[in-house]
1. Can you list residue pairs whose Cβ atoms sit under 8 Å apart, with the first residue in region 82-96 being touching a residue at least 60 places away in the same chain (Cβ under 8 Å) and the second being assigned to a helix (DSSP H, G or I) and not charged (D, E, K, R)? Count only pairs 6 or more apart in sequence or on different chains.
2. What is the number of the single condition among (1) part of a helix (DSSP H, G or I); (2) touching a residue at least 40 places away in the same chain (Cβ under 8 Å) that residue 24 does not meet?
3. Right, residue 137: touching a residue at least 60 places away in the same chain (Cβ under 8 Å) and within 11 Å of the ligand (Cβ to nearest atom) or not?
4. Looking at region 47-84 only, could you name the residues that are within 11 Å of the ligand (Cβ to nearest atom), closer than 16 Å to residue 137 by Cβ and buried (at least 16 other Cβ atoms within 10 Å of the Cβ)?
5. Report, by residue number, each residue of region 95-127 that is surrounded by 18 or more Cβ atoms within 10 Å (Cβ to Cβ) and within 11 Å of the ligand (Cβ to nearest atom).
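Every number here is computed from the coordinates shown, using simple stated rules; none is lab data. All figures in this text were calculated on a predicted structure; none of them were measured in a lab. Glycine gets a Cβ as well: all are built from the backbone with ideal geometry, and neighbour counts include every protein chain shown.
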Amino acid sequence: MKISSKQKEPQYKDRRKANWKRLPLTKNEIFDEQHQYLVEIMVDLRHHIENKRSPEFIQGVLTCMEKSFLRYFSMQEHLMELAGYPGREKHSDKHREFVINYFTEVRNNLPDLDAQGIEKLIRWLATHIYNEDKTMSAYLETSNGAEQR
Ligand SMILES: [Fe+2]
């Protein structure tokens, strides 16, 4: 039986959802939405790798993904600065380390990028949310609450 593209679509959406559902929640709606968006780009990238898209195409998706990470990190760093979050330098260092290490490594070894490489990326994000973003998010909530009183 031939499977039409319409029948494939729900499976693909389920795969995206299954991946972002694995992430810890920060309870900050904007952060959680951004994490979901980043995972969707990663799942898209994995999909394109598995479908053997051209290196130029993969490079384009990688660039889009890197820009999305940079924009998101920049927003977090701005909010940490505004709130005077004490852990902001350490947290920002984690962002910088990740961007430099991950994207440099991937670009230098683009033909080796596979589903496991994307899995590693999703695990990094989940760990970062659990170890850094949740704590920072809780601090921002408290500091915003204090300003409103
Ligand atoms: Fe972060």
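1. 83/139; 83/140; 83/143; 83/144
2. Against the list (1) part of a helix (DSSP H, G or I); (2) touching a residue at least 40 places away in the same chain (Cβ under 8 Å), residue 24 comes up short only on (1).
3. Details: touching a residue at least 60 places away in the same chain (Cβ under 8 Å): yes; within 11 Å of the ligand (Cβ to nearest atom): yes.
Yes, satisfied.
4. Hits for region 47-84 are 72, 73, 76, 77, 79, 80.
5. Passing the criteria: 95, 125.
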